[in-house]
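Some notes on the structure that comes next.
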Amino acid sequence: MNEGKQDIILKELDRIRKKDFTYESGHILGSMCTQLHPIAKQVYMKFLETNLGDPELFPGTKEIEQKLIIFISKLLNAPTNSTGIIVGGGTEGNITSMWLAKKLSKKKEIILPESAHFSFQKIASLMDMKLIPIPLDKNYCMDIDCVEEKISKDTAAVVGIAGSTELGTIDPIPQLSNICQDNEIFLHVDAAFGGFVIPFLKRLGYGVPDFDFKLKGVNTISIDSHKMGYSAIPLGTLIIRDKKLAEKISVESSCVSSKTQTGLMGTRSGGPVAAAYAVTQYMGMDGYEKLINDCMNRTRYTEEKLQKIGLQPIIKPIMNVVGIKLKKPDVVVQELTKYGWKVNKIDRIGCIRLVLMPHITQQIIDDFIIDLEKVCKQTGQL
Ligand code: 0PR
């Protein structure tokens, strides 16, 4: 390689990259992604050139993909005849599930909570489907009493969220499961964030509801390794209860070495897949349990610090997501940016959202609260 040219390019990229915020700095407080586990970095690089779109060229990488799917299936208590599709994240997981629901039912309506992720807007537009939003109850969960009355001859699917984008709440999935079984309707659980949290909250003794394939009415679950799975972007998995159903979203793939291809993606790197598998093996169930325990401890710590400066979380956090109701969340977000902090605002609720991801230490919380108090005083929130 031409060294001079390489140097010039690398310098240019380094200079531009400096404009980015980093997890390492601790300043990213509202993201659902985090610093990579060191083994993820190492493994990602080794598998950069592999292509899971042509699995017969890369049978080794395909085997690793199967192992990752088995780990996630077990985590979600999936039955032995289930299958999994690797996706780019929660958006693609939701799209793929609704594609399947539409194919199976030949219907177009999706019943979902008002708090559903905006990827469902894309689904409605992409697949000409109609969203039927259900209001939330006082705990910011889907109001179960309003679901059954919205079921109609046009219902293709019901969606429940296990770990909502806004506040990390868990919809009443056991009740949704019963309703969907009684009415023979497809039920998808969006556990993009909560899938790697709830099983460990349960192990830690938190009283959280069931959300997974233990519930017989659940047909699909999407779960993201690139959120609380502690691994590299882009990686999610959609688990489908019955592997026969996956045929509905398979096409013949004559120009690659496998006969059929299932799901949306064609050419795709094995890098994130191998990285995610390596992280699951390194962490194991005990490692994830400890990680979640640490995140929950820092969530409690944040709650206490907020109370000390006169601010309250909107609800008692269910997982490591804290919503803080403010009169002017936009102004607070803007001002916090001036101090170097990146938090997200949730317009629908009028709050700012902190996500206590693994890179957020107690020291970062202490520093942040000092600046938050200053900003809230300056802007008349306190
Ligand atoms: N489902 C749920 C429950 C989600 O929270 C998200 C993303 C998705 C689906 C879509 O996932 P992908 O973005 O992986 O396709 N929730 C976060 C959000 O929109 C994503 C995020 C991540 C935002 C990192 C900011 C950020 O820095 O808030």
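Structure data summary
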{"read-out": "Candidates G194, G217 - the one that is among the small types (G, A, S) and either open to solvent by 40 Å² or more (accessible area, probe 1.4 Å) or within 11 Å of the ligand (Cβ to nearest atom) (or both)", "value": "G194"}
{"read-out": "Single condition K62 does not satisfy, out of (1) basic (K, R); (2) in a helix (DSSP H, G or I); (3) in contact with a strand residue (DSSP E or B) (Cβ under 8 Å, 6 or more places away or on another chain)", "value": "(3)"}
{"read-out": "Matching residues, segment 90-101, being out of contact with any Leu (no Cβ under 6 Å at 6 or more places or on another chain), more than 11 Å from the ligand (Cβ to nearest atom) and of a type outside the set (G, A, S)", "value": "M98, W99, L100"}
{"read-out": "Strands (runs of 3 or more DSSP E) fully within segment 180-293 counting 2 or more residues that are closer than 24 Å to E63 by Cβ", "value": "220-224, 236-240, 250-252, 260-262"}
{"read-out": "Count of residues meeting criterion [touching a Lys or Arg at 6+ places or on another chain (Cβ under 7 Å) and in a loop (DSSP other than H, G, I, E, B)] in segment 313-328", "value": "1"}
{"read-out": "Which numbered condition Q35 fails, given (1) more than 25 Å from K345 (Cβ to Cβ); (2) touching a residue at least 60 places away in the same chain (Cβ under 8 Å); (3) not small (G, A, S)", "value": "(1)"}
{"read-out": "Complete set of residues in segment 102-148 that are away from the ligand (no atom under 16 Å from the Cβ) and either of a type in the set (S, T, Y) or part of a helix (DSSP H, G or I) (or both)", "value": "K102, K103, L104, S105, M127, I144, D145, C146, E148"}
{"read-out": "Test result for D14, assigned by TED's automatic domain parsing to the domain that holds I346, open to solvent by 70 Å² or more (accessible area, probe 1.4 Å), more than 16 Å from the ligand (Cβ to nearest atom) and not polar (S, T, N, Q)", "value": "yes"}
{"read-out": "Residue that is nearest to K108 (Cα to Cα), among those in segment 153-166 that are of a type in the set (D, E, K, R) and more than 9 Å from the ligand (Cβ to nearest atom)", "value": "D154"}
{"read-out": "Any chance E24 is within 16 Å of the ligand (Cβ to nearest atom) and either assigned by TED's automatic domain parsing to the domain that holds L264 or open to solvent by 90 Å² or more (accessible area, probe 1.4 Å) (or both)", "value": "yes"}
{"read-out": "Candidate set: segment 167-179, residues that are of a type outside the set (S, T, N, Q) and surrounded by fewer than 23 Cβ atoms within 10 Å (Cβ to Cβ); chosen: the one farthest from the ligand (Cβ to nearest atom)", "value": "I179"}
{"read-out": "Options K46, K102, K108; residue that is in the same structural domain as I198 (by TED's automatic domain parsing) and farther than 15 Å from H188 by Cα", "value": "K46"}
{"read-out": "Residue within segment 269-288 that is surrounded by fewer than 16 Cβ atoms within 10 Å (Cβ to Cβ) and touching a Gly at 6+ places or on another chain (Cβ under 6 Å) present", "value": "no"}
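So that you can scan it fast, the table gives a plain yes or no per residue for (1) of a type in the set (V, I, T); (2) modelled with pLDDT of 95 or more; (3) open to solvent by 40 Å² or more (accessible area, probe 1.4 Å):
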{"site": "N2", "(1), (2), (3)": "no, no, yes"}
{"site": "S31", "(1), (2), (3)": "no, yes, no"}
{"site": "T34", "(1), (2), (3)": "yes, yes, no"}
{"site": "M45", "(1), (2), (3)": "no, yes, yes"}
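The values are calculated or read from the model by the stated rules, or taken from the named source; none is laboratory data. The model shown is predicted, which means the values in this text are computed figures rather than measured ones. A quick note on method: Cβ atoms are made from the backbone with ideal geometry, for glycine too, and the neighbour counts reach across all protein chains shown. These area figures cover heavy atoms from the full protein model, side chains too; ligands, DNA and RNA do not enter into them. Shrake-Rupley method; radii C 1.70, N 1.55, O 1.52, S 1.80 Å.
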